[in-house]
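Some notes on the structure that comes next.
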Amino acid sequence: MPDVPGDTSLPAPVPTRTIYSERLTLGPLGWVLLTLFAVMLGIAFVPVDVRLAVVLGAVTLVGGLVALVSTAPVVRVDGTTLYAGRAQIPLSLVGGVEALDATAARAELGPRLDARAYLCLRGWIHTAVKVDLVDPLDPTPYWIVSTRRPAALAVALTGS
């Protein structure tokens with residue numbers, strides 16, 4: 001059916017506003033280690049050719065930066081959906097939300113972990129949010145999502 005001005009038979013898409021967004025990139029130590037790796041790789045090639053060493057070090061640094069930033073998952077909440085990496089779930093299926101400090105996250109990921117849970121984790125981020133699900137058709141009881149700001153993500157999910 002062609003678009004006709006004034007035709008209201010098809011609903012217009014409802015724009016959603018991003019309430020929370022975070023890219024789970026490396027912390028400062030990770031970026032320092034990447035830089036040191038690029039420098040050391042460059043130094044290893046100095047005996048072969050200085051220009052090759054500089055180019056190889058620079059390419060390694062830039063390539064590593066691009067690869068690590070582009071593959072880092074994004075945690076995002078808009079008005080209707082929670083996105084954690086490639087997974088998403090409507091907020092209507094979210095039950096309880098609990099912000100986890102480092103100690104609580106370690107306990108949830110250790111002795112209290114349910115094997116059916118969905119995990120979006122990064123080892124360099126020690127805090128997380130536990131999101132209980134209320135979908136009777138989904139065998140996943142909850143999600144645990146790494147975040148550097150667990151309280152802010154919990155507020156975005158609960159709307160408080």
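The values are calculated or read from the model by the stated rules, or taken from the named source; none is laboratory data. Just so you know, these numbers come straight off a predicted model, no measurement behind them. Neighbour counts are summed over all protein chains in view; Cβ atoms, including those assigned to glycine, are modelled from backbone coordinates with ideal geometry.
Worth a mention:
- Number of the exception - Val69 against (1) part of a helix (DSSP H, G or I); (2) surrounded by fewer than 11 Cβ atoms within 10 Å (Cβ to Cβ); (3) touching a residue at least 40 places away in the same chain (Cβ under 8 Å): (2)
- Selection within segment 127-137 - assigned to a loop (DSSP other than H, G, I, E, B) and at pLDDT 95 or above: Thr127
- Residue satisfying all of: in segment 21-43; surrounded by 15 or more Cβ atoms within 10 Å (Cβ to Cβ) and in contact with a strand residue (DSSP E or B) (Cβ under 9 Å, 6 or more places away or on another chain); farthest from Leu119 (Cα to Cα) among these: Glu22
- Looking across segment 105-126, just one residue is among the acidic types (Asp, Glu) and either assigned to a helix (DSSP H, G or I) or closer than 15 Å to Glu22 by Cβ (or both), and that is Glu108.
- Within segment 138-160, the set of residues being part of a loop (DSSP other than H, G, I, E, B) and within 12 Å of Ile89 (Cβ to Cβ) comprises Asp138, Thr140.
- Checked across segment 46-55, the condition of being under 16 Å from His126 (Cα atoms), of a type outside the set (Phe, Trp, Tyr) and touching a helix residue (DSSP H, G or I) at 6+ places or on another chain (Cβ under 8 Å) holds for no residue.
- Failed item, numbered, when Gly95 is tested on (1) in contact with an Asp or Glu (Cβ under 7 Å, 6 or more places away or on another chain); (2) at pLDDT 95 or above: (2)
- For segment 28-66, the set of residues classified as among the hydrophobic types (A, V, I, L, M, F, W, C), closer than 30 Å to Arg86 by Cα and free of Cβ contacts under 8 Å to residues at least 60 places away in the same chain consists of Trp31, Val32, Leu33, Leu34, Phe37, Ala38, Val59, Leu61, Val62, Leu65, Val66, listed by residue number.
- Across segment 76-92, the number of residues qualifying as at pLDDT 90 or above and out of contact with any strand residue (DSSP E or B) (no Cβ under 8 Å at 6 or more places or on another chain) comes to 3.
- Matching residues, segment 126-137, being in contact with a helix residue (DSSP H, G or I) (Cβ under 9 Å, 6 or more places away or on another chain) and more than 14 Å from Gly95 (Cα to Cα): His126, Thr127, Ala128
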